[in-house]
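A.B. asks: One structure is given below, represented as structure tokens, and several questions about it will come after.
The values are calculated or read from the model by the stated rules, or taken from the named source; none is laboratory data. This is a predicted model, so every value here is computed, not measured. Note that we place each Cβ from the backbone using ideal geometry, even for glycine, and neighbour counts take in every protein chain shown. Note: accessible area is taken over every heavy atom of the protein model, side chains too, but ligands, DNA and RNA are not part of it. Shrake-Rupley method; radii C 1.70, N 1.55, O 1.52, S 1.80 Å.
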Amino acid sequence: PPMEATLHWELVPRATDHTDTWYIDGSVFDGTREFTRRAGFGVVVANASGQLVGLGHGTPPGWVSDSAGAETWALYQALSFSPFPPRIVTDCLGLLETLQRGFQASVSAHKPHARLWRLIGTCLDGDFAAAAARTVWMPSHTSRWGSDPRTKSDASPVCLLD
């Protein structure tokens, strides 16, 4: 794994506003062996009309070693790129729950991603509540043709754009 993080924008987002939605995802492949483990993340930004206005991907630093860490790194990238907490959609419920618990709970010594949450806390000036209010969890790895309707944590339906 690279020691330095990367972020490559295929389409650099313009100056974002509160109506843009940032979709983030992170994953680790071949995670059972340290020497084969690879982490990555993606960011997709859509405007209020559903048009693609940003598309990026990268790798977290080498000390990020699991999927939850890769997802947290994607959140950090989205927050560090925007001057205010953007609307974020994630398939990692743990991100939303950690934001809801607040800064102090996220950076305690026994938390495996405390280092990342401290970086996120800096981006948010410690105001996790503002970011939690603008972060939505959605189910993933499901078919859009499934028999039961899918809803996000804010009770809105998962739409085709999602």
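A.B. asks: Please compute the per residue accessible area over the chain with all protein chains in place, 1.4 Å probe, rounded to a whole number of Å². Show your work: numbers first, answer last.
C.D. replies: Details: 8840 Å² over 162 residues.
Solvent-accessible surface per residue comes out at 55 Å².
A.B. asks: With n ≥ 4 as the cut-off for DSSP H runs, can you work out [θ] at 222 nm for the chain, using -39500 (n - 2.57) per run divided by the number of residues, rounded to the nearest 500? Show your work: numbers first, answer last.
C.D. replies: Numbers: 5 runs with 44 residues, N = 162.
Using -39500 (n - 2.57) per qualifying helix, the result is -7500 deg cm²/dmol.
A.B. asks: Can you tell me the Rg and Dmax of segment 1-122, counting just the alpha carbons, in angstroms?
C.D. replies: 14.3, 43
A.B. asks: What is the calculated FRET efficiency for residue 150 to residue 130, with r their C-beta to C-beta distance and R₀ = 25 Å, to the nearest 0.05? Before the final figure, lay out the partial values.
C.D. replies: Working: r = 26 Å, r/R0 = 1.06.
E between residue 150 and residue 130, to the nearest 0.05, is 0.40.
A.B. asks: Related question: Using only protein heavy atoms and a 1.4 Å probe, report how much of residue 8 is accessible, in Å² to the nearest 10.
C.D. replies: Using a 1.4 Å probe on the heavy atoms, I get roughly 90 Å².
A.B. asks: Just by accessible area at a 1.4 angstrom probe, what is the order of 138, 3 from largest to smallest? Present the calculation step by step, with values, prior to reporting the outcome.
C.D. replies: Working: 138 25, 3 130 Å².
Sorted by accessible area, descending: 3, 138.
A.B. asks: Let me ask something else. Please report the relative contact order for the chain, taking Cα pairs under 8 Å with a sequence separation of at least 6, and give it as a percent rounded to a whole number. Mind showing how you got there, number by number?
C.D. replies: Values: 307 pairs, mean separation 33.3, N = 162.
Here the relative contact order equals 21 percent.
A.B. asks: Continuing with the same structure: When only the heavy atoms of the protein chains count and the probe is 1.4 Å, how do 128, 81, 103, 29 rank by accessible area, highest first? Could you put the intermediate results ahead of the total?
C.D. replies: Working: 128 5, 81 80, 103 45, 29 115 Å².
Order by accessible area, largest first: 29, 81, 103, 128.
A.B. asks: Further, regarding this structure: How far, in nm, would the chain grow between residue 84 and residue 11 when pulled straight, counting 0.36 nm per residue and subtracting the alpha carbon separation?
C.D. replies: Values: separation 73, 0.36 × 73 = 26.28 nm, distance 2.01 nm.
Additional length available on full extension: 24.3 nm.
A.B. asks: Quote the charge dipole size of the chain about the Cα centre in Debye, to the nearest 20; the model charges only the Cβ of Lys and Arg (+1) and of Asp and Glu (-1). It would help to have the intermediate numbers written out before the result.
C.D. replies: Values: 13 positive and 16 negative charges, 34 e Å.
Taking the Cα centre of the chain as origin, the dipole is about 160 debye.
A.B. asks: Something else: From the backbone phi of segment 49-55, what are the Karplus-calculated ³J(HN,Hα) couplings (6.51 cos²θ - 1.76 cosθ + 1.60, θ = phi - 60°) in whole Hz, Gly and Pro given as x?
C.D. replies: Karplus values, whole Hz, x for Gly and Pro: 8, x, 7, 5, 10, x, 8.
A.B. asks: Roughly how many percent of the accessible protein surface of the chain is carbon and sulfur, given a 1.4 Å probe and a whole-percent answer? It would help to have the intermediate numbers written out before the result.
C.D. replies: Values: 4950 of 8840 Å².
It is 56 percent, rounded to a whole number.
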